[in-house]
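The next block holds one structure in the form of structure tokens; read it before the comments.
The values are calculated or read from the model by the stated rules, or taken from the named source; none is laboratory data. No experiment lies behind these values; they were computed from the predicted model shown. A quick note on method: Cβ atoms are made from the backbone with ideal geometry, for glycine too, and the neighbour counts reach across all protein chains shown. Ligands, DNA and RNA are excluded from the accessible area calculation, which covers all protein heavy atoms including side chains. Shrake-Rupley method; radii C 1.70, N 1.55, O 1.52, S 1.80 Å.
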Amino acid sequence: MRLLRRKEGPSLDSRLAALLEAASLGEGRLAESAVSEARAVAERAGVRRELSIDHTVAALAGATGSGKSSIYNALAGEDLAAVGVTRPTTSTAQAALWDGEGAGPLLDWLEIPQRHSATAANPDINPEMSGLVLLDLPDHDSIRLSHRLEVDRLVELVDLLVWVVDPQKYADAALHDRYLRPLAEHSDVMLVVLNQVDRLPPQAVERCVRDLRRLLEEDGLAGVPVLPVSARTGTGLAEFRSLLADRVAERTSWSARLTADITTAAGLLATAPAASTDRAVGALIGPASSAAGAADGMDGIMAQAATHRDSPTAPLETAASVRGSEPGERVSSGSSAGPGGVLGSGRSAEPGGRVAVGGSAGVAHGGKRGVALERTLTGALSEAAGVPLVLEAVAKGHRHRAVVATGWPVTRWIRRFRPDPLRRLRIAAIAPARKPGGPAREVVGRTSVPAASATQRAQVETAIRDVGEAAAAGLPGPWAAAVRHASRSRLQDLADALDRAVATTSVVATRRPRWWRVVNVLQWLVFAAMAGGALWLGGLFGMDYLRLPQPPLPTLGTMPWPTALLMGGALAGVLIALLSRLAAWAGGRRRARRTAKALRAAIGQVAREHVLDPVEAELDRYARFTEALDVARAEA
């Protein structure tokens with residue numbers, strides 16, 4: 001029979017590493033207090049692991065007059081701490097050690113100067129508690145601030161917390177609100193002692209214990225042992241001493257305390273609000289536009305681009321090359337990005353607020369919507385980049401250059417006085433085509449494509465906002481804000497990137513087809529024949545004018561050869577030019593279609609690099625954050 005083994009949880013080292021990773025990933029996105037607390041917990045845990053793990057540090061904490069010092073003296077077997085009822089008598093923490101050899105560095109880290117050896121004073125007292133370091137803390141409700149701060153400091157460091165209460169103040173809101181409720185994850189390293197039960201009748205003691213347990217359950221500390229004792233009469237001290245001895249013998253309180261601290265810190269990160277300012281998020285993600293100025297950001301960028309295009313020095317300028325879910329829910333990983341790219345099917349909001357991550361893709365509620373958003377964004381950027389105007393110029397420029405290259409030599413020179421539509425946009429000038437096999441040439445300056453209109457800028461802004469909203473859907477507030485910032489984080493570079501994409505992609509349209517050379521050679525041969533016929537006829541005319549005898553004249557049928565060469569050459573040249581123009585018109589359309597496809601791909605790449613990739617990086621960061629929280633909060 002096979003036995004089913006319980007799957008072990010992550011180790012303490014793994015949980016610490018996961019907590020630090022979650023804190024680093026949440027920096028700038030989450031409140032600084034939660035991030036700092038997580039790092040402080042990791043630092044404390046690292047130090048505590050290096051100190052003695054054979055000693056268990058237990059602290060007696062309580063209010064003024066609760067009798068914690070009396071219990072401390074009773075356990076130690078001698079009067080080590082002064083006892084008071086109406087005023088705080090414990091000003092600094094002191095320690096009683098049972099077999100304290102090797103505990104010095106631990107107490108130095110705790111900053112406990114007063115140390116007493118319980119075994120040295122009474123060798124026969126409590127030998128079963130060997131390894132216990134018992135602290136008597138100042139009153140947590142002391143009128144002196146230094147006392148309260150000392151309690152707060154040590155409550156964060158000790159391995160085992162023993163709260164001493166009395167029948168009068170066991171329901172004190174200061175104790176429950178300030179200490180017990182925030183320590184709800186520390187039930188495994190906490191004991192509650194109800195002292196002074198000798199003042200109550202037995203029935204009242206039972207009622208007090210039941211009521212105290214009820215309050216602890218409301219604080220999230222169900223299952224914490226509650227021990228009724230009396231330091232004056234010794235009632236219940238044996239049970240308390242036995243429970244302490246068991247905890248010390250286990251030698252696991254220190255690791256249980258660190259585990260509880262990690263879980264609490266991870267919970268704070270999971271529920272932390274957003275960082276106090278948008279500047280923190282913007283500094284980490286990139287030069288993002290603020291939420292208030294996002295609508296004007298695209299206007300300013302496009303206006304700046306227009307200024308560069310119209311500047312007379314432009315050729316000399318070189319272009320610079322969740323709401324519904326809680327962090328920490330399980331994140332599932334896939335490997336397929338889907339056809340929609342970043343917004344295709346990489347991530348989707350699943351029922352229950354979970355986020356599914358898919359390879360290197362992004363977020364959307366379904367692949368179709370993601371593809372539609374990406375197409376909308378690419379289309380809006382294409383319009384803003386002047387792609388329709390460029391495509392028209394590609395077709396016209398192809399026909400223009402075809403006429404210059406293949407037109408009738410008699411009239412083609414007139415065409416040179418007309419500007420090339422692509423050169424008018426300064427596309428061929430700033431992005432010359434590279435030679436086959438050679439390195440790509442640097443793009444210098446900007447094109448002269450007209451700046452985007454107000455409508456086009458609004459469409460771009462709307463498309464970017466829709467991408468950010470779709471990607472942020474289902475994320476907690478801080479991360480949703482970070483994703484929306486990420487979608488705008490590279491707006492400052494967007495106009496230049498679009499202009500470079502248009503320039504480098506459209507330059508392919510300036511390449512000359514090979515048939516132009518063949519037709520050009522043919523045109524010049526025909527022109528040479530026509531010129532030869534003209535010269536021949538001119539010579540015959542001159543001889544006739546001078547009354548010289550005419551040489552024999554060959555004929556082509558009934559037509560003299562000079563006339564045939566002249567007329568045939570002229571007709572052939574015009575016919576070839578007309579056929580070449582028809583071919584150039586069809587070729588211009590084909591080249592415009594190919595250029596349109598290439599421009600869509602290039603602008604799609606710009607959209608991915610400047611909008612979708614930053615969003616995806618932020619979503620991947622959130623996925624790693626939730627995975628780290630899962631590890632940090634996993635049960636051992």
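Taking the criterion of being surrounded by 23 or more Cβ atoms within 10 Å (Cβ to Cβ) and charged (D, E, K, R), would at least one residue in segment 606-618 satisfy it? Yes. The residues on offer are Ser117, Ser14, Ser33, and the sole one that is modelled with pLDDT of 90 or more, small (Gly, Ala, Ser), open to solvent by 40 Å² or more (accessible area, probe 1.4 Å) and more than 25 Å from His140 (Cβ to Cβ) is Ser14.
Considering Ser325, Ser348, Ser335, which residue is surrounded by fewer than 16 Cβ atoms within 10 Å (Cβ to Cβ), over 30 Å from Ala529 (Cβ atoms) and at pLDDT below 80? Spell out the reasoning first.
Values: Ser325 fails: surrounded by fewer than 16 Cβ atoms within 10 Å (Cβ to Cβ); Ser348 fails: surrounded by fewer than 16 Cβ atoms within 10 Å (Cβ to Cβ).
From the options Ser325, Ser348, Ser335, the qualifying one is Ser335.
Selection of segment 130-186 for residues being assigned to a helix (DSSP H, G or I) and open to solvent by 50 Å² or more (accessible area, probe 1.4 Å) yields Leu145, Ser146, Arg148, Leu149, Arg153, Ala173, Asp177, Arg178, Arg181, Pro182, Glu185.
Set side by side, the residues Arg500, Arg512, Arg484, Arg517 differ, and just one is open to solvent by 20 Å² or more (accessible area, probe 1.4 Å) and outside any helix (DSSP H, G or I), which is Arg512. Evaluated against (1) in contact with a Leu (Cβ under 8 Å, 6 or more places away or on another chain); (2) over 30 Å from Met567 (Cβ atoms); (3) open to solvent by 20 Å² or more (accessible area, probe 1.4 Å), Met530 falls short on exactly one condition, (2). Scanning segment 39-48 for residues that are surrounded by fewer than 16 Cβ atoms within 10 Å (Cβ to Cβ), at pLDDT below 90 and of a type in the set (D, E, K, R) turns up nothing. Residue under question is Gln203, and the condition is that it be part of a loop (DSSP other than H, G, I, E, B), surrounded by fewer than 21 Cβ atoms within 10 Å (Cβ to Cβ) and not aromatic (Phe, Trp, Tyr); does it hold? No; evaluated as a whole, the condition is false for this residue. If we scan segment 537-555, do we find a residue that is surrounded by 16 or more Cβ atoms within 10 Å (Cβ to Cβ), of a type in the set (A, V, I, L, M) and in contact with a Gly (Cβ under 8 Å, 6 or more places away or on another chain)? So far as segment 537-555 goes, no, none of its residues is surrounded by 16 or more Cβ atoms within 10 Å (Cβ to Cβ), of a type in the set (A, V, I, L, M) and in contact with a Gly (Cβ under 8 Å, 6 or more places away or on another chain). The set of residues from segment 49-81 being charged (D, E, K, R) and buried (at least 24 other Cβ atoms within 10 Å of the Cβ) comprises just one member, Lys68.
Hey, can you tell me all the residues within segment 212-234 that are more than 21 Å from Leu160 (Cβ to Cβ) and either open to solvent by 70 Å² or more (accessible area, probe 1.4 Å) or modelled with pLDDT of 95 or more (or both)? Walk me through how you get there before you give the answer.
Step one: filter segment 212-234 for residues more than 21 Å from Leu160 (Cβ to Cβ), giving 214, 218, 230, 232-234.
The answer is Arg214, Glu218, Arg232, Thr233.
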